[in-house]
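No lab work stands behind these numbers, since they all come straight from the coordinates. Just so it is clear, the model here is predicted, and its values are computed rather than measured.
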Amino acid sequence: MAKIFCVANQKGGVGKTTSAVNLAAGLAKVGQRVLLVDLDPQGNATMGSGVDKRQLELSVYDVLLESASIQEAAIFSEKCGYHVVGANRELAGAEVELVDLERRDQRLKLALEVTDNDFDFVLIDCPPSLSMLTLNGLCAAHGVIVPMQCEYFALEGLTDLVNTIKQVHANLNPDLKIIGLLRVMFDPRITLQQQVSEQLKSHFGDKVFDTVIPRNVRLAEAPSYGLPGVVFDPSAKGSQAFIEFARELVERIPTL
C-alpha cells in the first residue's frame, strides 16, 4: 500500500518544492517506487524533475477534472528515477472549475486509490496557500511533511498550518496527521537558527526529523538544470542530507 504524503507549508519560500523533488529522488535512490504529484500551477516540481511543463499532454488538471487517470497522466523521469504527474498554468483554472463539482475536495484521493499498489510512496507538492488544490492534497494524504526554516516567522506559519491540519483531520480526512518537521536551509553558525531548532525539538519532540538539510548552493543551482540536487550533484552536502532523510523516512514508516 502506497504511503501518501503532502509536502506543505502555508508560508512561501521555505523550500517545499526543493524538498519534494529531492525527497522523491532520494527515495528512488534507496530503491523505492515513487510518484510525485505537482499540485502547484507554477509547475516548479514538474520542471525540477526533468519534465517540460509546456509539453504536457495530460496533467494533474486532467486528473482533478476526471478526464484522465493517474496512470495516463504519470510520466517516468528517467534521469530522476521516479514518476511525475505534472502541472502547468492550466491548473490555476481548476480552482474555479472545481467549485461547482461534487466531491471537489476528494478528486485527488479517488484518483490515487486506483494506483495503490503501483508505488511505495506518493509525494504531493502543494502550493503555498490554503486553496482547493491544497485541500485536495490534504484529503488524499496519510500525513504531512512540513519543511521549515529555523526562523521566528516560520514558527508563526507553522501554527497556522497545524490548525489547518486539525480542521481537515476533524472534518474531511481522519487519517491525516503531521508526519514530521524537516529543518531546511539550516546554517549552524547562526545562533538564532540553533535556538529555534531547539524550540522545535522541545515542543514537537520526535515529530522533528533527525536529518537536517543544510543551506547548500548546489541544491539551489540544480533546478536551473531541470534536476533535483540529489541527481545533479549526488556528492553535495545537501544531496547527501536528502538521501539520509529518505532513509530515515523509510525507517519511520512501520512506527507511523
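Using alpha-carbon positions, what is the distance between the centroids of the stretch 172-196 and the stretch 1-58, in Å?
Cα centres, the stretch 172-196 to the stretch 1-58: 18 Å.
State, in angstrom, two size descriptors of the stretch 125-256 derived from its alpha carbons: Rg to one decimal place and Dmax to the nearest whole number.
Radius of gyration, then largest Cα-Cα span, for the stretch 125-256: 15.6, 44 Å.
Counting C-alpha atoms alone, how compact is the stretch 68-137: give Rg to one decimal and Dmax as a whole number, in angstrom.
For the stretch 68-137, the Cα-based Rg and Dmax read 12.9, 39 Å.
Test of understanding: what is the full-extension gain from K207 to E57, defined as 0.36 nm times their sequence separation minus their Cα-Cα distance?
50.1 nm
Given the convex hull of the Cα atoms of the stretch 1-150, what is a quarter of its surface area in nm²?
8.1 nm²
Summarise the long-distance tail of P(r) for the stretch 3-255 by giving the % of C-alpha pairs beyond 27 Å.
Value for the stretch 3-255 (Cα pairs over 27 Å): 30 percent.
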